[in-house]
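Data block below; observations after.
The values are calculated or read from the model by the stated rules, or taken from the named source; none is laboratory data. Predicted model, so just to flag it, every value in this text is computed and none were measured. Here the Cβ positions follow ideal geometry from the backbone for every residue, glycine too, while neighbour counts run over all protein chains shown.
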Amino acid sequence: MGFTESDTPVNKEGVVCLARSFGNGTCSNGGALSSIGVSWVVLNSVLSHNTAVGHGANPARAGTPGGGSGGAIYCDGNTFTVRIAGSVVSDNDAQEGGGAVFFVVMYDTFGREFHDKLASQKLSFARDIPNSERRVARGEFPIYIPFSLQDLNNLKGLPVKAIVPAEGRPYVRFDLTMLKNAPHPNAARLFMNYYLEPESQLVFANAGYNPVIKGVIEKTSEEIRPLLATKAMGTTIPERQDEMLELAKQIYK
């Protein structure tokens, strides 16, 4: 099972893991380390082949027990930090999250045949996205999909190239919402409008997020501009998640 904050020493910075090995652990959330409202410092440790075995996310979707987030590490709460240095985090698995948008959009665009052919190529699955991209750079794998534009700036200097196919790219929605009967509705509107200002949208665009107002892409950095200018193919919706998850399990056994 996974380890909680009670298993490791605590100082003013939170829970400290020094030169520890966490392998083959299981827990509803966070197969290696899991906590609520607690900060972690993980130094010179190895976290590999751990699994978050829950299902339904947090808060739990209707009809599910909840959990399944954070293959290696799961933290919840409002005020906490996670610091990791000199450590290896690899080959951990979580039931929730992952490449759902890629699966749905490719299925809707190209049909099941696309996924059947992809599955026949004996893929290696991983949830440690930054490390997976570096494994391509080290020559362990020839290609990694799906690639996230937000990671482009972290790959500078590595012998890899980010490519968006001519057909376009899936996207993930980020919504701004004001709660009904919010105590400070005008302040909420000002905050939402701030995100939609051209200057704010340019910051997001240069970080790999697609802007939602016109004229911003043309002002982005030369490196990311052609990738943002590609066609947005589509996304997924929560109502289809369980259906698509079951289909993905059938195809990628």
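Tabulated data for the structure shown
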| item | result |
| --- | --- |
| Residues located in region 189-233, provided they are hydroxyl-bearing (Ser, Thr, Tyr) and closer than 15 Å to residue 175 by Cβ | 195, 209 |
| Residue in region 104-126 that is modelled with pLDDT under 90 and among the β-branched types (Val, Ile, Thr) present | no |
| Residue in region 211-236 that is farthest from residue 108 (Cα to Cα), counting only those that are surrounded by 13 or more Cβ atoms within 10 Å (Cβ to Cβ) and touching a strand residue (DSSP E or B) at 6+ places or on another chain (Cβ under 7 Å) | 230 |
| Helices (runs of 4 or more DSSP H) within region 126-228 that include 2 or more residues of a type in the set (Gly, Ala, Ser) and either more than 30 Å from residue 89 (Cα to Cα) or in contact (Cβ under 8 Å) with a residue 12 or more places away in the chain (or both) | 129-137, 185-196, 198-206 |
| The one condition in (1) surrounded by fewer than 13 Cβ atoms within 10 Å (Cβ to Cβ); (2) assigned to a helix (DSSP H, G or I); (3) touching a residue at least 40 places away in the same chain (Cβ under 8 Å) that residue 248 fails to fulfil | (1) |
| Those residues of region 105-152 which are among the polar types (S, T, N, Q) and under 21 Å from residue 231 (Cα atoms), in sequence order | 109, 148, 150 |
| Breaking point among (1) out of contact with any Phe, Trp or Tyr (no Cβ under 7 Å at 6 or more places or on another chain); (2) buried (at least 16 other Cβ atoms within 10 Å of the Cβ); (3) of a type in the set (Val, Ile, Thr), for residue 136 | (1) |
